[in-house]
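In what follows, a single structure is set out as structure tokens and then discussed.
Derivation of every value follows stated rules applied to the coordinates shown; laboratory data play no part. Quick caveat: nothing in here was measured; it's all calculated off a predicted structure.
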Amino acid sequence: MSLALQMRDYRLTTAEILYHMPDHPGLLQAYIWQELDLAPKFPALHKFLDFWTANLDGKLHSVRVGQAKLITPPRWAAGQLLTLH
């Protein structure tokens, strides 16, 4: 993953794409897409979904998106104990 993109606030974006199977439209299939993308507009995801609708037979049903920063300041979890000698 590109550190330069992460420094420009790109985030690891995961999308769960549910689509209708072309031969059996009553059945849904899941596809997981993951890429560094720029929240909140998600241009890379939109480009992928535009490609999907223009070139693939499976009609989109729904898309769920999650994202997380990869570079974050350190955090202390509750309950951790630090001992210095």
Q: Enumerate the calculated ³J(HN,Hα) couplings along the stretch 42-50 in order (Karplus 6.51 cos²θ - 1.76 cosθ + 1.60, θ = phi - 60°), each rounded to whole Hz, writing x wherever the residue is Gly or Pro.
A: 6, x, 5, 5, 4, 4, 5, 5, 5
Q: Could you give me the percent of Cα pairs per 10 Å distance bin for the stretch 3-68, shortest bin first, beginning at zero and ending with the bin that holds the maximum distance?
A: 21, 47, 23, 8, 1
Q) Using modelled backbone amide H atoms (1.01 Å from N, in-plane), which distant-in-sequence or interchain residues come within less than 5 Å of H61's amide H? A) L18, Y19, H20
